[in-house]
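The block underneath contains the structure these notes are about, expressed in structure tokens.
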Amino acid sequence: MRHRYWWGQGILLPVLTILFISCNKTEQQETMPPVPENIAFVKPAGFPEPAYRFTDNPVTTDGFALGKVLFYDGALSRDGTISCASCHIQANAFTHHGHDVSHGIDDRLGVRNSPSIQNLAWSTTFFWDGGVHDLDLQPIVPIENPVEMDEKLGNVIKRLQANTRYQQLFQKAFGSPDINSARMLKALSQFMLMLVSANSRYDRYLQGRETFTDSEKNGLAVFQQKCASCHQPPLFTDNSFRNNGVAPRMYGADSGRYVITLAGEDMYRFKVPSLRNVALTAPYMHDGRFGSLESVMNHYDNNFFDSPTLDPVFRNGFALTETDKRDLTAFLRTLSDKEFITDRRFEPPPGFIPRD
Amino acid sequence: MKNYILLIAAVLLASCSKDTTAPATDPSETGTMTLEFDNRAGSDDLILGVQVYTNAQGEKLTITKFAYYVSNFRFITANGNVYTVPQDSSYFLISEADKASAFHTLKNVPAGDYVQVKFMIGVDSTRSLMDISKRTGALDPATGASDMYWGWNSGYIFAKLEGSSPSSTDRQKLFRYHVGLFGGGFNNGVKTLNNTREVTLTIPNNGKAIIRKDRRAQVHFFADALKMLNGTTNISVAANPNVMVDALSAKIADNYTQMFIIDHVHNE
């Protein structure tokens with residue numbers, strides 16, 4: 001699926017906006033809560049201190065608004081067809097649901113599965129191999145990747161500089177119409193930092209506002225015993241790199257973290273992914289090899305590929321009973337955050353035209 | 001005829017290096033220093049694309065790209081005073097394809113008679129981890145650094161040598177040496193290779209770079225592109241036509257440590 005956000009020379013958008021607003025007025029008033037005016041990053045109760053340096057880039061309403069437009073704009077790709085949102089779709093917790101590996105420009109395929117974009121303020125590295133150490137530097141990768149957006153960052157900046165609407169948005173966000181890479185990247189970060197998921201049934205259960213079934217309760221207990229050492233609550237990742245025994249492919253095996261560090265101990269290690277919203281983000285693992293949580297459960301039932309870097313916890317008979325699997329799956333489903341995937345603040349800006 | 005020219009040249013050179021300037025005494029006096037980077041291939045001028053060179057492995061090759069970062073400049077006087085160029089303006093990208101990149105003028109250098117230059121090849125880890133808004137000009141991934149930046153393994157490419165060779169085992173007979181990696185260690189993470197290298201060069205023939213408010217000095221460096229391949233490890237374009245994020249990159253970095261000399265200094 002590709003999403004094109006036509007914005008052209010600044011005339012189309014205002015027109016579309018007006019159309020959109022007038023078309024949606026009634027519906028909006030009846031069923032939708034008003035879109036909040038003031039955007040601010042709020043650390044959910046029980047979450048650790050963020051890793052992102054907010055002092056270098058405080059989130060503002062206008063910075064967020066600019067970041068959102070950039071996120072949904074095909075102008076960041078070579079031919080205008082691919083936006084960040086093409087592969088990071090809100091309804092799927094900002095993953096590319098249904099694609100094992102991501103699907104980019106000219107229908108070219110990547111080699112890795114797109115992870116969900118959520119709770120990035122707490123991430124210490126980005127990508128499955130952790131090759132990027134700063135969220136601000138992250139968007140350069142998809143923009144310049146030949147199988148994703150296939151454009152040069154410099155060309156994107158030039159295109160934005162020539163667009164009067166962007167000049168206005170940059171003016172609002174940063175106090176002057178100057179458009180440069182640092183500002184563009186920081187605006188994108190502001191949008192992505194706001195994508196906080198912390199209101200799943202699990203969270204409300206912890207707050208005593210929700211009840212769990214016996215199966216979910218047992219799933220949580222098994223999870224705490226067998227999974228939480230890596231998928232550590234509340235983020236459901238400890239940000240470490242581990243080899244969980246996913247078998248390397250015979251051809252074109254992905255060495256994971258090793259690609260970045262060239263250290264033998266990092267061979268086949270991948271970043272522990274967060275499991276928040278995991279029921280919405282199939283397929284699973286770095287290459288999207290497992291289509292369902294059931295397959296993931298079967299993997300964790302002693303189906304580990306042995307190699308020198310296989311994590312020690314999987315070495316001595318790590319197995320799951322059928323009940324464990326069923327209950328774990330039930331528990332993982334409680335991590336879905338409906339508010340997050342329907343939050344109107346994160347919706348495409350008016351004028352966004354989805355295209356399949 | 002030739003002898004006469006040599007003689008005149010010798011006299012001129014001798015007079016050039018004779019220093020009759022009064023020593024700098026005013027600590028607030030400053031002047032201008034220009035760094036010139038002249039790219040070479042062995043004893044010859046580097047000519048991109050057409051000129052055939054031979055590396056230490058005896059392989060014939062042509063060079064189509066030669067570019068590198070030098071940074072963190074320090075100038076040292078005969079009595080050991082060190083002037084460190086302000087960090088924010090101490091990153092230079094030199095590319096053979098861009099003639100203007102050969103010259104870098106430094107203003108407000110304290111008056112003094114400098115005899116030694118220290119600098120780094122590459123971009124240090126502190127700067128590599130710095131907020132993106134502190135990485136402008138030669139370090140901006142959208143402009144100056146657009147051809148010298150790895151997005152997927154965040155960091156600058158410190159040196160690039162590309163070209164073609166009949167000996168290359170690459171399908172298109174090309175070779176590409178891209179050396180980067182600043183040591184990693186961000187967020188207390190693991191360390192990667194660190195291919196930044198320190199260089200210390202002494203101005204030859206007891207020369208000095210004389211900086212006064214009314215005098216400027218130009219330090220003329222030679223950078224020998226072939227030294228990326230020739231040195232403590234002689235790189236073969238047949239055995240390793242492409243080296244990027246690879247253990248061998250550290251050997252090329254050891255080689256490029258020996259790539260620079262100061263050929264001479266002009267004092268004006």
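Residues satisfying the criterion are present in region B:45-53 (criterion: over 17 Å from B:Phe119 (Cα atoms), touching a residue at least 60 places away in the same chain (Cβ under 8 Å) and touching a helix residue (DSSP H, G or I) at 6+ places or on another chain (Cβ under 8 Å)). Residue count for region B:204-239 satisfying the condition of being touching a residue at least 60 places away in the same chain (Cβ under 8 Å), surrounded by fewer than 17 Cβ atoms within 10 Å (Cβ to Cβ) and part of a loop (DSSP other than H, G, I, E, B): 8. Here is a check on your reading of the model: is B:Phe182 buried (at least 22 other Cβ atoms within 10 Å of the Cβ) and closer than 24 Å to B:Arg127 by Cβ? Yes; evaluated as a whole, the condition is true for this residue.
Listed by first and then second residue, the pairs with beta-carbon distance under 8 Å, at least 6 apart or on different chains, first residue in region A:310-329 and free of Cβ contacts under 8 Å to residues at least 24 places away in the same chain, second polar (S, T, N, Q), are A:Gly317/A:Asn302; A:Ala319/A:Asn302.
Residues of region A:224-244 include at least one that is of a type in the set (Phe, Trp, Tyr), part of a loop (DSSP other than H, G, I, E, B), at pLDDT 95 or above and closer than 23 Å to A:Trp122 by Cα.
Restricting region B:102-157 to residues that are part of a helix (DSSP H, G or I) and touching a Leu at 6+ places or on another chain (Cβ under 6 Å) leaves a set whose member that is nearest to the other protein chains (Cβ to nearest Cβ) is B:Ile132. Consider region A:127-174 and keep the residues that are more than 10 Å from chain B (Cβ to nearest Cβ) and among the acidic types (Asp, Glu). The one that is nearest to A:Gly288 (Cα to Cα) is A:Glu148.
Against the condition charged (D, E, K, R), more than 14 Å from chain A (Cβ to nearest Cβ) and over 18 Å from the mean Cα position of the chain (by Cα), how does B:Lys227 come out, does it pass? The answer is no for B:Lys227. Answer yes or no as to whether B:Phe158 is touching a Phe, Trp or Tyr at 6+ places or on another chain (Cβ under 8 Å), at pLDDT 95 or above and among the aromatic types (Phe, Trp, Tyr). Yes: the conditions hold for B:Phe158. The residues on offer are B:Ala217, B:Ala225, B:Ala247, and the sole one that is under 30 Å from B:Val50 (Cβ atoms) and not hydroxyl-bearing (Ser, Thr, Tyr) is B:Ala225.
The set of residues in region A:254-267 being surrounded by 21 or more Cβ atoms within 10 Å (Cβ to Cβ) and touching a Phe, Trp or Tyr at 6+ places or on another chain (Cβ under 8 Å) consists of A:Gly256, A:Arg257, A:Asp266. Suppose the filter is in the same structural domain as A:Cys87 (by TED's automatic domain parsing) and either on the phi > 0 side of the Ramachandran plot or basic (Lys, Arg) (or both); does A:Arg209 pass it? No. Look at region B:30-42: where a residue is farther than 20 Å from B:Lys160 by Cα and a partner is among the hydroxyl-bearing types (Ser, Thr, Tyr), sitting 6+ places away or on another chain with Cβ atoms under 9 Å, you get B:Thr32/B:Thr105; B:Met33/B:Thr105; B:Met33/B:Tyr114; B:Thr34/B:Thr105; B:Leu35/B:Thr105. In this structure, B:Phe175 does not qualify as aromatic (Phe, Trp, Tyr), closer than 30 Å to A:Asp150 by Cβ and modelled with pLDDT under 95.
Scanning region A:44-73 for residues that are of a type in the set (Lys, Arg), within 14 Å of A:Met184 (Cβ to Cβ) and within 14 Å of chain B (Cβ to nearest Cβ) returns no hits.
All conditions in (1) within 22 Å of B:Leu48 (Cα to Cα); (2) surrounded by 16 or more Cβ atoms within 10 Å (Cβ to Cβ) hold for B:Asn195, with the sole exception of (1). Give the residue that is farthest from A:Lys325 (Cα to Cα), with candidates limited to residues of region A:245-267 that are in a loop (DSSP other than H, G, I, E, B) and touching an Asp or Glu at 6+ places or on another chain (Cβ under 9 Å). Within region A:245-267, the match that is farthest from A:Lys325 (Cα to Cα) is A:Leu262.
Checking every residue in region A:261-284 against the condition of being among the basic types (Lys, Arg) and within 14 Å of another protein chain (Cβ to nearest Cβ) gives at least one match.
Are any of the residues in region A:43-61 closer than 24 Å to A:Val196 by Cα, at pLDDT 85 or above, under 19 Å from the mean Cα position of the chain (by Cα) and crowded, with 18+ Cβ neighbours inside 10 Å? Within region A:43-61, one or more residues are closer than 24 Å to A:Val196 by Cα, at pLDDT 85 or above, under 19 Å from the mean Cα position of the chain (by Cα) and crowded, with 18+ Cβ neighbours inside 10 Å. Taken over region B:71-100, residues that are surrounded by 17 or more Cβ atoms within 10 Å (Cβ to Cβ) and in contact (Cβ under 8 Å) with a residue 60 or more places away in the chain amount to 3. Of the residues in region A:110-122, at least one is within 25 Å of B:Phe182 (Cβ to Cβ), out of contact with any strand residue (DSSP E or B) (no Cβ under 9 Å at 6 or more places or on another chain) and either surrounded by 21 or more Cβ atoms within 10 Å (Cβ to Cβ) or modelled with pLDDT of 95 or more (or both). Being within 9 Å of another protein chain (Cβ to nearest Cβ) and either at pLDDT below 95 or more than 20 Å from B:Pro241 (Cα to Cα) (or both) is a condition met by at least one residue of region B:193-203.
When the helices (runs of 4 or more DSSP H) confined to region A:130-186 are screened for residues that are within 23 Å of the chain's Cα centre (by Cα) and crowded, with 23+ Cβ neighbours inside 10 Å, those reaching at least 1 such residues are found at A:140-144, A:153-161. Please work out which one of (1) more than 12 Å from chain B (Cβ to nearest Cβ); (2) aliphatic (A, V, I, L, M); (3) in contact with a Phe, Trp or Tyr (Cβ under 7 Å, 6 or more places away or on another chain) is the condition A:Leu188 fails and give its number. So the condition that A:Leu188 fails would be (1).
The values are calculated or read from the model by the stated rules, or taken from the named source; none is laboratory data. None of these values were measured; they are calculated from a predicted model. Counting neighbours? That spans all protein chains shown, and the Cβs are built from the backbone with ideal geometry, glycine included.
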